[in-house]
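Engineer: Once you've had a glance at the structure underneath, I'll fire off some questions.
The values are calculated or read from the model by the stated rules, or taken from the named source; none is laboratory data. Because the structure is predicted, anything quoted here is derived from the model rather than measured. For neighbour counting, all protein chains shown are included, and Cβ atoms are generated from backbone atoms with ideal geometry for every residue, glycine included.
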Amino acid sequence: MDEMVLAALAKWPNVPDVYGWLKLDGRGDWLILDSRVSHAGLSEFMHRNVGVDERGACFVQNGPQRVFYQYATAPCVVSWQAATWQARPQFDLSCGIDHAWWVDEGALYLGFGQTLAAVDDRDLPLLLGCLYHADGRPLDDWPQAGAQFIVANQHVPLEVISRTDLLHRYQLCINPDAQQSTDCVLGQSR
């Protein structure tokens, strides 16, 4: 997080949280009250100052205030650029990919340690060529048991799963709600 954000947290530790007006779309762009954030500086500030609380709810730390966000696919969206993963928002991907999932609605998700990321749909045509059968043949049909995702010399297992089950595995809350902030269940809100 930015130094100015950490300083504001120390100075004003008890500022109320904000719910219900910030979203991250499936391409990693911010929406405030369903309007795309077009100011590059604001968007980059928000991308740098993210976190996940003990409930699995994601937030932007805006000075002393946590602004919880809903997301269309995952808390983080990655794209493959110049032979490296770019994350929006900026979660730590330094541990590398440890798992890949093909979800029921036709999307690719990657696990980077404790971070779950959805692959930007614009990168799917390229990355679908990185899916292989267990015996090394390119995957030309629906992913099956034993399939692999191979990119940049990393070989990780590919599993078919529902998005709800995947969010449960990562203990993530899609839609935090102020009225039920202590009752945010995995993969959904009550």
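Engineer: With respect to Arg88, determine if the residue is touching a His at 6+ places or on another chain (Cβ under 7 Å) and under 20 Å from Lys23 (Cα atoms).
Structural biologist: Values: touching a His at 6+ places or on another chain (Cβ under 7 Å): yes; under 20 Å from Lys23 (Cα atoms): yes.
Here the answer is yes, as Arg88 does meet what is asked.
Engineer: If the requirement is being outside the structural domain of Asp17 (by TED's automatic domain parsing), at pLDDT below 90 and over 21 Å from the mean Cα position of the chain (by Cα), which of these qualifies: Pro176, Pro143?
Structural biologist: Values: Pro176 fails: over 21 Å from the mean Cα position of the chain (by Cα).
On inspection, the qualifying residue turns out to be Pro143.
Engineer: Filter region 4-45 down to the residues that are closer than 25 Å to Asp120 by Cβ and among the aliphatic types (A, V, I, L, M), then identify the one that is nearest to the chain's Cα centre (by Cα). Explain how you work it out, then say what you get.
Structural biologist: Initially, region 4-45 is screened for residues closer than 25 Å to Asp120 by Cβ, giving 21-45.
Of the ones still in play, those that are also among the aliphatic types (A, V, I, L, M) are 22, 24, 31-33, 37, 40, 42.
Values: Leu22: 15, Leu24: 9, Leu31: 15, Ile32: 18, Leu33: 20, Val37: 18, Ala40: 20, Leu42: 19 Å.
For region 4-45, the residue satisfying everything is Leu24.
Engineer: Only one residue in Asp123, Asp98 is of a type in the set (Asp, Glu) and under 18 Å from Gly26 (Cα atoms). Which one?
Structural biologist: Details: Asp98 fails: under 18 Å from Gly26 (Cα atoms).
When all the criteria are applied, what remains is Asp123.
Engineer: Let me confirm something: among Leu93, Leu22, which residue is within 30 Å of Ile161 (Cβ to Cβ) and part of a strand (DSSP E or B)? So that I can check it myself, show each step before the final result.
Structural biologist: Numbers: Leu93 fails: part of a strand (DSSP E or B).
Going through Leu93, Leu22 in turn, just one is within 30 Å of Ile161 (Cβ to Cβ) and part of a strand (DSSP E or B): Leu22.
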